[in-house]
Every structure is written in structure tokens, then in C-alpha cells.
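Structure, as C-alpha cells:
The values are calculated or read from the model by the stated rules, or taken from the named source; none is laboratory data. These figures come from a predicted structure and were not determined experimentally. Cβ sites come from the backbone with ideal geometry, for glycine too, and all protein chains shown count toward neighbours. With ligands, DNA and RNA removed, areas are computed over all heavy atoms of the protein, side chains included. Shrake-Rupley method; radii C 1.70, N 1.55, O 1.52, S 1.80 Å.
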Amino acid sequence: DAGITQSPRHKVTETGTPVTLRCHQTENHRYMYWYRQDPGHGLRLIHYSYGVKDTDKGEVSDGYSVSRSKTEDFLLTLESATSSQTSVYFCAISGHMIGARNAEAFFGQGTRLTVV
Amino acid sequence: DAKTTQPPSMDCAEGRAANLPCNHSTISGNEYVYWYRQIHSQGPQYIIHGLKNNETNEMASLIITEDRKSSTLILPHATLRDTAVYYCIVKKSNDYKLSFGAGTTVTVRA
């Protein structure tokens with residue numbers, strides 16, 4: 001398996017509290033992504049990063065912020081968690097620009113977040 | 001990115017080849033075809049990708065039609081562990097993002 005670690009793997013939090021999910025990689029890959037997966041919606045991109053301190057929004061970025069202060073860590077923060085953010089969150093990494101040879105993305109095992 | 005169309009589900013007998021179709025009739029010249037799969041509760045796993053030519057690796061073969069409007073992922077000898085959701089994705093070569101559709105739920109039966 002590619003060296004991706006998501007933490008925590010499971011979390012229950014209360015509505016209105018801040019939550020930070022961490023994605024750590026040991027592959028020195030340039031690109032990192034955060035997805036959420038919900039029944040009936042499949043995988044949806046939240047935010048992605050194309051380098052240290054370089055991030056951009058995905059299709060469902062409202063209510064989320066990200067930071068990448070070093071290559072190996074990509075943090076996803078829910079500033080004030082809501083029940084609609086209950087989901088499974090996946091981090092992914094890629095070493096090359098998508099589309100080029102050997103540009104496959106590797107995914108973490110996921111974080112199951114429940115907001116009550 | 002070009003839109004893809006996959007059947008929602010299909011069954012396959014263990015030990016037989018599984019042929020998973022994908023239509024991408026609006027694909028453009030610089031878009032690649034990627035296949036990923038997601039086994040229950042796990043993160044998606046890369047399988048294979050291609051541009052024009054057929055590709056084969058240790059997991060599967062990818063057959064792309066000459067007009068590139070459709071492709072087929074072939075699992076040569078399906079096992080029970082191949083039961084998963086399979087995603088066909090078309091990507092521009094200069095786009096960072098990987099967008100997933102609904103995929104095909106493949107069930108391999110003993």
C-alpha cells in the first residue's frame with residue numbers, strides 16, 4: 001500500500017465544534033486531495049493541493065478549509081461541524097499531473113466522521 | 001471532462017472473465033481513460049489507464065475502441081475478492097482533479 005495515513009479513522013463530534021482531519025504521506029507526492037463519500041452521491045472532491053501552500057477548491061468545498069504547510073501533511077478542517085458533514089472522508093495522493101504516464105492516485109483508508 | 005456511462009451493476013461467475021463496459025462518446029484527444037475500483041469500506045484503488053492503445057497489467061486489460069468513444073475493462077479470471085464498485089473516469093491530461101461517477105457494482109459469484 002502507498003504510504004498514506006489518515007487520522008483519526010473514526011470520530012464522533014457535536015454540531016458546531018471544529019474538527020480537523022489529517023492526511024499524512026510518506027511518498028513525497030506533490031498532489032493531495034480530500035474527498036467525501038455519501039450514499040447516493042459517490043465520491044466528491046472537497047479540496048486539493050498541488051504543492052506546499054498551494055490549494056484549490058473542489059466541487060463541495062463550502063464549510064471546509066484545508067492547509068498544507070509541508071509536503072507530507074494535508075489537513076482538512078470543518079470550522080463548525082454540521083450534521084450534513086457526516087460522511088466518510090478519503091485522502092488521496094498523486095505523484096504526477098493527472099493524465100500523464102504513472103499518474104495514478106492512491107487513496108487512504110478513510111475517516112468516518114459522525115456529527116451529532 | 002468527458003462524461004462516462006456505465007451499467008449500474010453486473011454479475012460474474014468466479015473464474016470467468018469479467019468485461020466491464022464504459023461509454024465516453026464526448027472524449028477529446030487529450031483525455032485519458034482511467035479505471036479504479038472500490039472494495040466495500042475501503043479507499044478506491046487504481047487499476048489501469050490508457051489513451052489510445054490497449055493496455056494490460058497484472059490486474060486487468062483495458063481495451064479502447066479505435067474511435068475512443070468506448071472502452072472495456074477486462075478482469076481475466078474474476079475472483080470473489082474482485083467484488084467491488086468499478087469506476088471509469090475520463091481525465092484531461094492537464095487537470096489535477098479526479099471526478100468519480102456512480103460506477104458499476106460488480107458481484108462475483110461462486
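Considering only segment A:5-19, I want to know if a residue exists there that is open to solvent by 50 Å² or more (accessible area, probe 1.4 Å), modelled with pLDDT under 95 and not polar (S, T, N, Q).
Taking segment A:5-19 as the starting set, the residues that turn out to be open to solvent by 50 Å² or more (accessible area, probe 1.4 Å) are A:5, A:9-12, A:14-15, A:18.
Checking the rest, the ones that are also modelled with pLDDT under 95 come to none.
Scanning segment A:5-19 turns up no residue that is open to solvent by 50 Å² or more (accessible area, probe 1.4 Å), modelled with pLDDT under 95 and not polar (S, T, N, Q).
Which of the residues that make up segment B:81-94 are within 14 Å of chain A (Cβ to nearest Cβ) and open to solvent by 30 Å² or more (accessible area, probe 1.4 Å)? Spell out the reasoning first.
Looking only at segment B:81-94, we keep the residues that are within 14 Å of chain A (Cβ to nearest Cβ), and these are B:84-94.
B:V85, B:K92, B:S93, B:N94 - these are the residues of segment B:81-94 that are within 14 Å of chain A (Cβ to nearest Cβ) and open to solvent by 30 Å² or more (accessible area, probe 1.4 Å).
Of these, B:I39, B:I63, B:I48, which one is open to solvent by less than 20 Å² (accessible area, probe 1.4 Å), β-branched (V, I, T) and in contact with an Asp or Glu (Cβ under 9 Å, 6 or more places away or on another chain)? Can you show your working first?
Working: B:I39 fails: open to solvent by less than 20 Å² (accessible area, probe 1.4 Å); B:I63 fails: open to solvent by less than 20 Å² (accessible area, probe 1.4 Å).
Just a single option satisfies the conditions, and that option is B:I48.
With segment B:2-68 as the region, which strands (runs of 3 or more DSSP E) entirely inside it contain at least 2 residues that are touching a Ser or Thr at 6+ places or on another chain (Cβ under 8 Å) and within 11 Å of chain A (Cβ to nearest Cβ)?
On the way: elements: B:9-13, B:18-23, B:31-38, B:45-50, B:61-64.
Fully inside segment B:2-68 and qualifying: B:31-38, B:45-50.
Tell me which of these B:A78 doesn't satisfy, since it passes every other one: (1) more than 29 Å from A:S49 (Cβ to Cβ); (2) open to solvent by 50 Å² or more (accessible area, probe 1.4 Å); (3) over 14 Å from the mean Cα position of the chain (by Cα).
(2)
Within segment A:35-50, which residues are over 23 Å from B:V85 (Cβ atoms) and open to solvent by less than 10 Å² (accessible area, probe 1.4 Å)? Can you show your working first?
Taking segment A:35-50 and keeping what is over 23 Å from B:V85 (Cβ atoms), we get A:47, A:49-50.
Answer for segment A:35-50, where residues must be over 23 Å from B:V85 (Cβ atoms) and open to solvent by less than 10 Å² (accessible area, probe 1.4 Å): just A:S49.
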